[in-house]
Amino acid sequence: MSNHSTEAFEALKQRLPDWANRRPIAERYPDMDYGPLPVTPYICEEFFEQERAKIFKKMWLYVGRVERLPKAGDYFTQVIEAVRVNKNSTSPSFIICRDNNGEIRAFYNTCQHRGTTVCWNNHETWDTANRKYFTCRFHGWVYNTDGSLRSVPDEKLFFNLDKTTRGLKPVHCAVWKDFIFINVDPSPRQTLLEQIKPHAEQLKDFPFERIRRRGIWTATVNVNWKAAIDAFQEGYHVGTVHAATLPEAFCGSLNPYCRPTSARIFPQGNRSVTFMVSPDFTPPAVENWVRRRGASWYAAASGDSGSEFPGVNPDNDPFYAFDVHGVFPNLLVDPFIGGFYGHEFWPISVNKTRWIGSINFLAPQKPSDLIANEHGKTLLRDAFREDTVTLEATQVGLESGAIETAVLCDMEIAPRHLYNSVVALVNG
Amino acid sequence: MAVNSVRQFVPPTGPTVAVYRLADGYFATDDRCTHGEAELSEGDIEGDEIVCPFHLGKFAIRTGEPTAAPCFAALRCHRVTLAEDGNLYLDWPE
Ligand code: FES
Ligand code: FES
Ligand SMILES: [Fe+2]
């Protein structure tokens, strides 16, 4: 696309929003309050406790992909600080597993004898472990992979022990297109599909089931979870923060500030934003080599090549690159032509968050796909690192007492919408 | 049976039996672990020991002797022979 004078290029250009004279997102969503945002929700402990109670303990939370659990007895554990019982409680751990009948299940990782944690795996390694039975190390109570209590050593010495009432405590668990979610609310207000409906509809044919994780990284950062998400869901920072990796890919003469080409606001905190590739971008030699052999880390800059990846580019924007789907509350799924990036944001306290970022590509068909995937993985890893770099500096400033409100522009619609949605739920 | 594998055998009477194949032949013990309710035929073979799937106790397959806690009582052993017809036969008391 280096020849800017072709008819096709001119036609695509005509379809870009009129950024010179308009604020297109505010025109599309005129009812939103575009005023300054008080910083309290980013820094207030009481507000954070409300978020835990009204959002994280009530909603479906994404915990991992089915590809981590290929066989019966496969499991991983996950500590979820945001659903701890009280402010100062130790955080609970969960087992997410595939039982012997092939069903995906989730339980509290808590022995029903005297409470000991059953599986002691480090949950940040992304290892899949396998067990025929979940056996508690303390006194050896044995649970089946479906959570039922199988065997109690020296059972006769107990008093009226009814083993059927002492299985691992289940939590609600549901799967959408290989994404596993759990919900610790004993009676969830909604089904998973009701909660994620706009994304499920838009991406219903996207080939998530054929996409495999190629890289995953985590960082525990001193920042509020919403401020962490925000750094990954707007383009305003691209030219500055990503100066070392990929600014020319997204910022160029047509769009120097990396504005989104479109954005969609959905009920219940859900949203999606579309970004464009800069047609000025001349990929470096290695990038070109990779593009000829497999999927790169974003779509080629042709307008409408999403047929193999239905659901991308919902407004059929020109120069399409990728979409950022804000799956409320704490997940970003960024589909592109070739795969998707994922970002999880796990609140630990009001100013501490665990971020998990991943890059996922269509399962490789030929050896050169592996090389192309590896190239994309490396470049994205560096860009993700850039995205995390500002987070702690942001939190320090938000807590400094020197700023009362944040002011957001038209293109920062996603941070604004997340903020508004959380505030509405906490105050509602 | 593959070398280094175990499988369950249900005799017409009495408790189930775990039949093992090691590199040098066939062996059999009671299937039920002496520590608890596990079936050793669900366990894994490590060298010439069977590892219980419940608490990772171990027994020597050839002798039935317990070799790792929490197993302290020996397993009953049974004799198996590979006949010329290719079938395995188990000596059974009843
Ligand atoms: S606490 Fe698990 S067996 Fe006792
Ligand atoms: S049941 Fe076999 S070691 Fe406990
Ligand atoms: Fe970024």
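The values are calculated or read from the model by the stated rules, or taken from the named source; none is laboratory data. The structure presented is a predicted model; accordingly, all values stated were derived computationally and were not measured. We place every Cβ from the backbone using ideal geometry, glycine too, and count neighbours over all the protein chains shown. For the accessible areas, the whole protein counts, side chains as well, though only heavy atoms, and no ligand, DNA or RNA atoms are used. Shrake-Rupley method; radii C 1.70, N 1.55, O 1.52, S 1.80 Å.
Peptide B:30-36: average number of partner chain Cβ atoms within 10 Å per residue?
For this peptide, the per-residue mean of nearby foreign Cβ atoms is 2.
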Task: Size of the A/B contact, given as accessible area buried on both chains, probe 1.4 Å, in Å² - done: 800
Task: Share of carbon and sulfur in the accessible heavy-atom surface of segment A:313-370 [1.4 Å probe, %] - done: 59
TODO: Could you tell me which trypsin sites (Lys or Arg not before Pro) in segment A:11-43 are loop residues by DSSP with no more than 13 other beta carbons within 10 angstrom of their beta carbon?
DONE: A:Arg15, A:Arg22
Task: segment B:5-90 - percent relative contact order, Cα under 8 Å, separation 6 or more - done: 22
Task: Cα gyration tensor, segment A:50-123 - rounded (a/c under 1.5), prolate or oblate - done: oblate
- [ ] Over segment B:5-90, give the accessible area per residue in Å² for a 1.4 Å probe, as an integer.
- [x] 51
- [ ] Rounded to whole Hz and in sequence order, give me ³J(HN,Hα) for segment A:36-47 from the Karplus expression 6.51 cos²θ - 1.76 cosθ + 1.60, θ = phi - 60°, writing x for Gly and Pro.
- [x] x, 10, x, 7, 3, x, 8, 10, 9, 5, 5, 4
Open item on the list: Along each principal axis of its Cα atoms, how long is segment B:1-50 end to end? Whole angstroms, biggest number first, please.
Closed with: 28, 24, 12
Open item on the list: For peptide A:15-23, what's the mean number of Cβ atoms from other chains within 10 Å of each residue's Cβ?
Closed with: 0
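Could you tell me which of rounded, prolate or oblate describes segment A:108-266, using a ≥ b ≥ c as the square roots of the eigenvalues of the alpha-carbon gyration tensor, with rounded for a/c under 1.5 and, failing that, prolate when a/b is larger than b/c and oblate otherwise?
Details: a/c = 3.09, a/b = 2.35, b/c = 1.31.
Judged from the Cα gyration tensor, segment A:108-266 comes out prolate (a/c at least 1.5, a/b above b/c).
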Task: Flagged links, alpha-carbon separation over 31 Å, of A:Lys163/A:Lys204; A:Lys54/A:Lys132; A:Lys54/A:Lys177 - done: A:Lys163/A:Lys204; A:Lys54/A:Lys132
Open item on the list: Are there any residues in segment A:114-154 with a reduction of at least 50 Å² in accessible surface when going from the isolated chain to the assembly of protein chains? Probe 1.4 Å, please list them by number.
Closed with: A:Lys132, A:Tyr133, A:Arg150
Open item on the list: Over segment B:5-90, what portion of Cα pair distances is larger than 18 Å, expressed as a whole percent?
Closed with: 35
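Given a 1.4 Å probe, how much area per residue of segment A:60-189 is accessible, in Å²?
48
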Task: Taking the C-alpha atoms of the protein assembly as shown, convex hull volume expressed per residue in Å³ - done: 192
Task: Mean Cβ count within 10 Å, highest first, over the residues of peptides A:261-273, A:238-250 - done: A:261-273, A:238-250
- [ ] State to the nearest 20 debye the size of the charge dipole of segment A:60-189 about its Cα centre, where the only charges are +1 on K and R beta carbons and -1 on D and E beta carbons.
- [x] 160
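Pick out, in residue order, every one of the GluC sites (Glu not before Pro) in segment A:329-428 that is DSSP loop and has at most 11 other C-beta atoms within 10 Å; say none if there are none.
Working: sites: A:Glu344, A:Glu374, A:Glu386, A:Glu392, A:Glu399, A:Glu404, A:Glu412; in loops: A:Glu399, A:Glu404.
Here the sparse-neighbourhood loop sites are A:Glu404.
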Open item on the list: Rounded to two decimal places and with Rh computed the Kirkwood way over Cα pairs, what is Rg over Rh for segment A:29-170?
Closed with: 1.11
- [ ] Considering Cα pairs under 8 angstrom that are at least six residues apart, work out the relative contact order of segment A:68-193 and quote it in whole percent.
- [x] 21
TODO: Compute the accessible area of each residue in segment B:53-71 twice, once for its chain alone and once with every protein chain present, using a 1.4 Å probe on heavy atoms, and list those whose area falls by at least 30 Å².
DONE: B:Pro53, B:Phe54, B:His55
- [ ] Would you mind telling me the share, in percent, of accessible area of segment B:5-90 contributed by carbon and sulfur at probe 1.4 angstrom?
- [x] 50
Task: Low-density loop cleavage sites - trypsin sites (Lys or Arg not before Pro) in segment A:169-216, where at most 12 other Cβ are within 10 Å (DSSP) - done: A:Arg189, A:Lys204
Open item on the list: Let me check against my output: what whole-number percent is the relative contact order of chain A, with C-alpha pairs under 8 Å and at least 6 apart?
Closed with: 20
